[in-house]
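The structure appears below as structure tokens.
The values are calculated or read from the model by the stated rules, or taken from the named source; none is laboratory data. Bear in mind the structure is a predicted one, so any value in this text is a computation, not a measurement. Cβ: placed from backbone, ideal geometry, glycine included. Neighbour counts: every protein chain shown. To get the accessible areas, we keep the full protein, side chains included, count just its heavy atoms, and leave off ligands, DNA and RNA. Shrake-Rupley method; radii C 1.70, N 1.55, O 1.52, S 1.80 Å.
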Amino acid sequence: MRVMLGMELRALRENLKSQAEVAGEDGGRWTAEAVSTRMGFSRPRLSRIEAGEIPIPKLGDLENLLHEYGVFDVDDQDDLKRIHLDSLKTEPITSYRPFLPSGLLRYLALERDSVRIRGFENNVVHGLLQTKAYATALMGSAKIVEERTTQTVERSLQARAERKALLVNGREVHIILLEAVLRTCVGSPEVMREQYAEIIRLSRLDTVDVQIIPAALPTYRAGFNFTVLEFVGLPNVVQSDGYRSTTMWSKPDDVGQFARQFDAMVKAAPGPSETPRILKALEEELWK
């Protein structure tokens, strides 16, 4: 959780720096060094906090930093204080609101700093693989039932578009999907055909592997979606995303358990080279 808090504090500071520069003001006020001086921190301390290398030892320091960054909403403050307190504990499971005070989706804050992403999805196409049409149809169908606001839907769609950049910057991505996910019509047959084509296109990238577990294959399947995120010089984390919350595991034993589940499915599923064939066969059967 220390990594997440550091990422969010950096995002808040960089947002203020960008806003100042756009307004023609001095963005230097919001460098890590300048903020550290005002907060009475040693020069490298804030940078190390933002990198997740060290915790914020005092809750009062976090409160002062949030006031400096203009985070006055009580819910936002409580959310970040909770992350801070959780970073000092050893409990493995924590659920949070999906959006951070900076406006960034919580999982995106973690994904963008990872070096390797391993994801399993058993209900919908993984967000990193979704087309705009698929994501729009998916969120549109849930908007009324789950009482999602138009603003929330638009923010989520924008975040999904930003996630695509992760697939073209050298980050290693490995996604496993159940066949049932691809048999479920989202939007229309046309949307599904486009989504199949996008998965095939992405699977041809050197850093992207996609595997599909056939429905008829008698093998192990994890019970819910999860993503293992790996970092350089920082502990790995696991997250499971839902509309109302993001659940995270950071205890090494738990992260290891999820990694073993993923590895078991990798070994059991047809290899990545089989994915285009499987998708073309499903398209011929379902969406022609």
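In the structure shown, do any of Lys17/Lys164; Lys132/Lys251; Lys81/Lys267; Lys81/Lys132; Lys58/Lys132 have a Cα-Cα gap over 32 Å, and if so which? Beyond 32 Å between Cα atoms: Lys132/Lys251; Lys81/Lys267; Lys81/Lys132; Lys58/Lys132.
Modelled this way, with points 7 Å down the Cα-to-C-beta line, the labels at Arg29 and Ala165 are 2.6 nm from one another. Segment Arg43..His67, full-extension length gain: 6.7 nm, with 0.36 nm per residue of separation and the alpha-carbon distance subtracted. Near Phe226: Cβ cut-off under 11 Å, other residues only, Lys/Arg at +1 and Asp/Glu at -1. The net charge is -2. Only protein atoms count toward the accessible area here, which uses a 1.4 Å probe; on segment 176-280, the carbon and sulfur part of that area reaches 53 percent. Among residues other than Ala259 with Cβ under 15 Å from its Cβ, the summed charge is 0 (Lys and Arg +1, Asp and Glu -1).
Electrostatic tally near Leu177: other residues with Cβ closer than 14 Å to its Cβ, Lys and Arg +1, Asp and Glu -1, net -2. With protein chains left intact and a 1.4 Å probe, residues in segment 166-231 average 43 Å² of accessible area per residue. Among 171-178, 209-216, the peptide with the highest mean count of other Cβ atoms within 10 Å heads the list, and the full ranking is 171-178, 209-216.
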